[in-house]
Every structure is written in C-alpha cells, then in structure tokens.
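Structure record follows, encoded as structure tokens.
The values are calculated or read from the model by the stated rules, or taken from the named source; none is laboratory data. None of the values given here were measured: they were computed from a predicted structure.
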Amino acid sequence: QSIEIENEDLRKKEAVLEEENEGNKTKRSVMESENNAYKSEMKKVVEAYATSQQQNSDLSQQIQRLETDIEDFENQQKEAQARIKEQEENISILTQTNNAFKREMEKSIEAYDESEHQSSTLLRTIKSL
C-alpha cells in the first residue's frame, strides 16, 4: 500500500514535471521568437547604420566638391575684379586721350578759322591795292 502511495506521489510529481516541461518549452519557444525578432531588428539597425555611414561619406564628398567650387568661384571673382579694374584704368586713359584730342582739334579749328580770317583780310587788302 505504501508503494502504491509512493507510485501515486511519483505519478503526481511526474505530471507536475511534465507540466513544467511543457511550460518551459513554451517559454523557450517564446524566447526564441523574441530572440529572432531581436536579431531581425538588430540586422535592420546594422543596415541602417551602414546606409547612414555611406550617406555621410557621400555628403562629405559633396561638401568637399562644394568647397572646391566655392574656392574656384572666389578665384574667378578676384580675376574678374582685376580685369574690371584694368578696364576701368584703360577707359580712364582713353577718356583722357580723347579729351586731349578734342582740345587739340578745337585749337586746330580755331587756328584754321584765324588763318581763314587772315587770308580773307589779306585778299581784300590785295584787291584794294
């Protein structure tokens, strides 16, 4: 009779252990699912990080190109300003030369007019003689 009681106790313990085992299997399955989900999320994070790093690299290259373009533009601007200054100086010289030429032409016209007046006077004088 005590053996039967022991057997009954053992069966009860075995049933409890089987229930615990089933519970543990369920917990393991849940944990494996969670682990797989975590791995999947981590893979996405790693991929996003790699993409971000590539984008950062691309942006750095674009920034370097823009800095070079800005430097080139600034140099072109300086060259253009130097050419403008040179052209302004040339215009100033041409204006001065033109003004001097105008003054000489005016003197020549005045001299011609005076010469013509003298010729006319001389001609009248000769005719009157």
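Quick look at the numbers
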read-out: In the range 90-125, the residues that are modelled with pLDDT under 95 and of a type in the set (Phe, Trp, Tyr); value: none
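Yes or no, residue by residue, for (1) modelled with pLDDT under 95; (2) within 41 Å of the chain's Cα centre (by Cα); (3) part of a helix (DSSP H, G or I); (4) not charged (D, E, K, R):
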| position | (1), (2), (3), (4) |
| --- | --- |
| 3 | yes, no, yes, yes |
| 10 | yes, no, yes, yes |
| 24 | no, no, yes, yes |
| 29 | no, no, yes, yes |
| 32 | no, no, yes, no |
| 39 | no, yes, yes, no |
| 42 | no, yes, yes, yes |
| 45 | no, yes, yes, yes |
